[in-house]
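Working notes for the structure below.
The values are calculated or read from the model by the stated rules, or taken from the named source; none is laboratory data. This structure is a prediction, so every number in the text was calculated from the model and none was measured. Cβ: placed from backbone, ideal geometry, glycine included. Neighbour counts: every protein chain shown.
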Amino acid sequence: MRLCCIADITSIHTQRWANYFARRLHEVHLISRHFTEEYEGLNSRIQVYPLIRLLPLPQVSHVSIYLSALPWVLQVRSLVKEIKPDIVQAQFIGVPGYLGAASGFHPLVLIARGSDILIMPKQNPMYRFLTKQALKRADCIICVSSALKEEVIRLGALKNKVEIAPAGVDTEEFSPGLRNEMLLRMLEIDDSPVVISTRSLKPIYDVETLIKAIPLILAEIPQAKFVVAGTGEQEDYLKELARDLGVANNTKFIGWVPRTEVPKYLSSADIYVSTSLSDGTSNSLLEAMACGLAPVVTDIPANRPWIKDEENGFLFPTRGYERLAAKIIYLLKNQEARGHFGRRSRDMVRGEAEEETQMRKLERIYYELVEGNSSLRN
């Protein structure tokens with residue numbers, strides 16, 4: 001197939017999708033408003049088309065987006081006409097989804113990932129209107145969780161057009177392994193128990209709750225260490241909070257970690273924490289589960305299908321740092337429980353979220369759409 005994807009080229013989800021279909025010898029074209037000179041890790045067979053920007057403003061600038069909207073629509077339509085794809089797909093039903101709908105091309109596939117459906121339409125009436133229009137024009141909507149499926153249906157999508165397919169994890173790449181002693185020495189952790197968070201340092205992921213829990217944990221287990229991976233606009237604030245709470249020496253902010261290095265960090269930890277306030281299906285969570293970590297995550301709809309409280313992990317209420325601390329303390333004191341949760345979590349990912357299986361499902365959906373579209377034309 002000839003596939004045209006409108007998406008953020010810097011997103012790991014976009015890169016994994018594009019690389020998979022390029023490896024499967026499909027012709028992949030990628031249109032992105034996020035542009036860099038080099039696309040690290042992107043298959044050389046993939047053709048990339050950067051959208052023009054009228055103002056050199058940050059990518060999240062609403063002013064820049066509004067001013068660029070019409071040129072983007074015209075450029076996307078021109079590119080789609082030139083590419084002549086079998087399918088147009090938009091990853092993330094924000095600006096990419098709106099551009100996909102505006103292209104006028106069918107079959108159109110939209111992939112909903114989380115905040116594009118759960119947050120953005122509620123924050124801005126214009127986003128809500130455009131989201132509804134995109135869902136109305138789509139031939140298929142892929143949701144990474146059942147919670148997202150319910151929400152897109154509430155926003156007007158037809159139930160028979162909605163499919164669920166988590167992004168999935170390569171359980172060979174992400175698997176339990178020995179603690180990396182060199183890494184632990186570099187982080188000055190040595191043989192201490194390790195709690196890790198791999199979410200971005202943005203308000204929606206609420207890493208602040210983890211930082212607030214650390215003093216309570218250290219009061220019981222003073223040797224515990226906390227690894228906070230990721231970057232975001234709250235980074236300076238969170239580092240200052242750790243200093244104010246007196247836990248900076250036990251908290252390692254390591255910044256952005258290349259995807260190829262993430263398994264090494266996860267395999268060297270004991271407990272995975274996600275304090276997110278909202279999510280689709282979190283790939284960070286699935287990766288930690290695949291590595292056999294004991295998960296402690298917020299009790300939100302996106303996490304409940306994957307974490308059964310007290311069976312393969314713990315759920316705690318959003319912003320509930322005292323409850324989070326209690327769960328972590330229990331697991332740090334109970335190695336048997338950690339091991340049990342980790343084994344059951346890995347089994348669940350292998351059974352329900354293997355990357356190859358989920359990508360094959362998408363590929364099958366695309367073929368069905370292309371065949372159906374051909375039948376309609378004939």
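Values computed for the structure shown
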{"item": "Evaluation of Cys143 against (1) modelled with pLDDT of 90 or more; (2) within 29 Å of Glu355 (Cβ to Cβ); (3) over 17 Å from the mean Cα position of the chain (by Cα) (one fails), failing number", "result": "(3)"}
{"item": "Every residue from segment 130-147 that is part of a loop (DSSP other than H, G, I, E, B) and not polar (S, T, N, Q)", "result": "Ala138, Asp139, Val144"}
{"item": "Segment 153-171 - residue that is assigned to a helix (DSSP H, G or I) and out of contact with any helix residue (DSSP H, G or I) (no Cβ under 7 Å at 6 or more places or on another chain) and, of those, farthest from Tyr366 (Cα to Cα)", "result": "Arg154"}
{"item": "Members of segment 1-36 that are crowded, with 16+ Cβ neighbours inside 10 Å and more than 26 Å from Ala69 (Cβ to Cβ)", "result": "Met1, Arg16, Asn19, Tyr20, Phe21, Ala22, His26, Glu27"}
{"item": "Extreme residue, surrounded by the most Cβ atoms within 10 Å (Cβ to Cβ), among residues of segment 119-149 that are touching a residue at least 60 places away in the same chain (Cβ under 8 Å) and more than 22 Å from Cys5 (Cα to Cα)", "result": "Ala147"}
{"item": "Search result, residues across segment 184-203 that are more than 28 Å from the chain's Cα centre (by Cα) and under 15 Å from Leu331 (Cβ atoms)", "result": "Ser192"}
{"item": "Among the candidates Phe226, Phe174, residue that is touching a helix residue (DSSP H, G or I) at 6+ places or on another chain (Cβ under 9 Å), farther than 15 Å from Val273 by Cβ and in contact (Cβ under 8 Å) with a residue 24 or more places away in the chain", "result": "Phe174"}
{"item": "Filter pass, Asp206 being charged (D, E, K, R), modelled with pLDDT of 95 or more, within 24 Å of the chain's Cα centre (by Cα) and surrounded by fewer than 16 Cβ atoms within 10 Å (Cβ to Cβ)", "result": "no"}
{"item": "Among the candidates Ala101, Ala90, residue that is crowded, with 22+ Cβ neighbours inside 10 Å and assigned to a helix (DSSP H, G or I)", "result": "Ala101"}
{"item": "Test result for Ser78, modelled with pLDDT of 85 or more, surrounded by 11 or more Cβ atoms within 10 Å (Cβ to Cβ) and either assigned by TED's automatic domain parsing to the domain that holds Ala101 or not in a helix (DSSP H, G or I) (or both)", "result": "yes"}
{"item": "Residues that are in a loop (DSSP other than H, G, I, E, B) and under 25 Å from Leu42 (Cβ atoms), drawn from segment 244-282", "result": "Trp256, Val257, Pro258, Gly280, Thr281, Ser282"}
{"item": "Filtered residues of segment 314-361 (kept if out of contact with any strand residue (DSSP E or B) (no Cβ under 7 Å at 6 or more places or on another chain) and closer than 18 Å to Leu25 by Cα)", "result": "Glu356, Thr357, Gln358, Met359, Arg360, Lys361"}
{"item": "Criterion violated by Asp270 - all others in (1) under 16 Å from Ile329 (Cα atoms); (2) out of contact with any helix residue (DSSP H, G or I) (no Cβ under 8 Å at 6 or more places or on another chain); (3) charged (D, E, K, R) satisfied", "result": "(2)"}
{"item": "Flag if Glu150 is in a loop (DSSP other than H, G, I, E, B), over 18 Å from the mean Cα position of the chain (by Cα) and either farther than 16 Å from Lys264 by Cα or at pLDDT 90 or above (or both)", "result": "no"}
{"item": "Filter result for the condition that a residue is on the phi > 0 side of the Ramachandran plot, assigned by TED's automatic domain parsing to the domain that holds Ser268 and not β-branched (Val, Ile, Thr), over Arg319, Arg338", "result": "Arg319"}
{"item": "Residue within segment 265-275 that is closer than 21 Å to Arg16 by Cα and either surrounded by fewer than 16 Cβ atoms within 10 Å (Cβ to Cβ) or not assigned by TED's automatic domain parsing to the domain that holds Glu151 (or both) present", "result": "yes"}
{"item": "Out of Arg199, Arg179, sole residue that is surrounded by 16 or more Cβ atoms within 10 Å (Cβ to Cβ), in a loop (DSSP other than H, G, I, E, B) and in contact (Cβ under 8 Å) with a residue 24 or more places away in the chain", "result": "Arg199"}
{"item": "Qualifying residue in segment 118-140 (condition: within 29 Å of Arg343 (Cα to Cα) and either in contact with a Gly (Cβ under 6 Å, 6 or more places away or on another chain) or acidic (Asp, Glu) (or both))", "result": "no"}
{"item": "Residue within segment 108-115 that is over 22 Å from the mean Cα position of the chain (by Cα) and in a loop (DSSP other than H, G, I, E, B) present", "result": "no"}
